[in-house]
1. Of the numbered conditions (1) out of contact with any helix residue (DSSP H, G or I) (no Cβ under 6 Å at 6 or more places or on another chain); (2) surrounded by fewer than 16 Cβ atoms within 10 Å (Cβ to Cβ); (3) more than 8 Å from chain B (Cβ to nearest Cβ), A:THR45 fails exactly one; give the number of that condition.
2. Does segment B:125-181 hold any residues that are part of a helix (DSSP H, G or I) and of a type in the set (S, T, N, Q), and which are they?
3. Would you say A:SER51 is at the interface with another protein chain (Cβ under 9 Å from one of its Cβ atoms), under 15 Å from the mean Cα position of the chain (by Cα) and of a type in the set (Ser, Thr, Tyr)?
4. Mind checking which residues of segment B:101-123 are assigned to a loop (DSSP other than H, G, I, E, B) and buried (at least 17 other Cβ atoms within 10 Å of the Cβ)?
5. Given the conditions (1) open to solvent by less than 30 Å² (accessible area, probe 1.4 Å); (2) under 30 Å from A:SER19 (Cβ atoms), report the number of the one that B:SER126 does not fulfil.
6. Identify all residues within segment B:70-100 that are more than 10 Å from chain A (Cβ to nearest Cβ) and among the hydrophobic types (A, V, I, L, M, F, W, C); write none if there are none.
7. Mind listing whichever residues of segment B:129-152 are open to solvent by less than 80 Å² (accessible area, probe 1.4 Å), over 19 Å from B:ALA38 (Cα atoms) and hydrophobic (A, V, I, L, M, F, W, C)?
8. For segment A:59-80, give me each residue that is in a helix (DSSP H, G or I), surrounded by fewer than 17 Cβ atoms within 10 Å (Cβ to Cβ) and more than 9 Å from chain B (Cβ to nearest Cβ).
Amino acid sequence: MSSQQKVETYGTGRKTLKSYMTGLVLSLIFTFTAFYLVGQHTLSTTALYVSLSLLAVMQLLAQVIFFLCLTNKTAEGRWNTMPFIFVIAIILLLVGGTLWIMYNLNYHMVH
Amino acid sequence: MTDHSTTADHHHSADAVDVFGFWLYILSDCVLFATLFATFAVLQFSTYGGPALHELFSLPYVLGETMFLLFSSFTYGLAMMAHYKGNTRRVLQWLMVTFILGVSFVVMEVNEFVHLVHEGHTWQSSGALSAFFTLVGTHGLHVTIGLIWMGLMMFQLMKFKLTPDTSRRLTYLGLFWHFLDIVWIFVFTFVYLMGAI
């Protein structure tokens, strides 16, 4: 069986060992940085919240790009990317909206 | 091989649509998790007089869980690489490694839950703990289902080897497995790390 047959990737980029290694190393760096930051307590609380969120989002991107190999380069890839972006928008609305409303309710309960 | 090509082409487009459908399911599952995260964010400080949530967790322990899941996501990738090369044996070996890492994760999580309940911090204790158990438990349930699925996958591979059908199913399971690790990034960050600030 020839090893380089056409590989079906369903519109994602070609998965390679290099992309998996990159994804793993980046994920490890982001995870340990976040863990270290929390253990150190050198940053202010606000700075910690912001940097932890950023690290989580960067790890999300690292895994989506290097593990799932979501790409915009092919037509099928764009079909996969579009609902992904749509769902991110929904999630932001859902979580952001919930927090906003509940914060307001809480505020008006005590004031 | 030549008389096979037309049916193969047909399979190709039908499979691509199927995988796209599965991807849409994954994304809708993300919305489910988003609602649980929102609930947790609202309820996390409502401990009903009990200790704050971060006093109940051990961060190094959870870091260990995180490593198991992250490496299992990576080894699943290695199984996919072997699948591209058509090496069934190698696929099975990497799936086995992934399976063991996944089981280790679930065992650690169940152990954490048992420990909490044993100390009297159950899902009935407070709003915060209800939200915690629902969010983390739903994720753990997904991982458990993924493990059962992986067991079935290995069984299928042993029986049928790599065929267009089994390779499509491997793709589904791969999407699902990577998705579980992605959700865990946020559990680790928002539940455990941010709770400890």
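1. (3)
2. B:SER130, B:THR134, B:THR138, B:THR144, B:GLN156, B:THR166, B:SER167, B:THR171
3. On the way: at the interface with another protein chain (Cβ under 9 Å from one of its Cβ atoms): no; under 15 Å from the mean Cα position of the chain (by Cα): yes; of a type in the set (Ser, Thr, Tyr): yes.
So A:SER51 fails the test.
4. Taking segment B:101-123 and keeping what is assigned to a loop (DSSP other than H, G, I, E, B), we get B:119-123.
The one that is assigned to a loop (DSSP other than H, G, I, E, B) and buried (at least 17 other Cβ atoms within 10 Å of the Cβ): B:HIS121.
5. Among (1) open to solvent by less than 30 Å² (accessible area, probe 1.4 Å); (2) under 30 Å from A:SER19 (Cβ atoms), the lone unmet condition for B:SER126 is (2).
6. Answer for segment B:70-100, where residues must be more than 10 Å from chain A (Cβ to nearest Cβ) and among the hydrophobic types (A, V, I, L, M, F, W, C): B:ALA79, B:ALA82, B:VAL91, B:LEU92, B:TRP94, B:LEU95, B:MET96, B:VAL97, B:PHE99, B:ILE100.
7. B:VAL143, B:LEU147, B:TRP149, B:MET150
8. Those that are in a helix (DSSP H, G or I), surrounded by fewer than 17 Cβ atoms within 10 Å (Cβ to Cβ) and more than 9 Å from chain B (Cβ to nearest Cβ): A:LEU61, A:ILE65, A:ALA75, A:ARG78.
The values are calculated or read from the model by the stated rules, or taken from the named source; none is laboratory data. Just so it is clear, the model here is predicted, and its values are computed rather than measured. Methodologically, a virtual Cβ is constructed for each residue, glycine included, from the backbone with ideal geometry; neighbour enumeration extends over all protein chains shown. Just the protein is used for accessible areas: all its heavy atoms, side chains included, with ligands, DNA and RNA removed. Shrake-Rupley method; radii C 1.70, N 1.55, O 1.52, S 1.80 Å.
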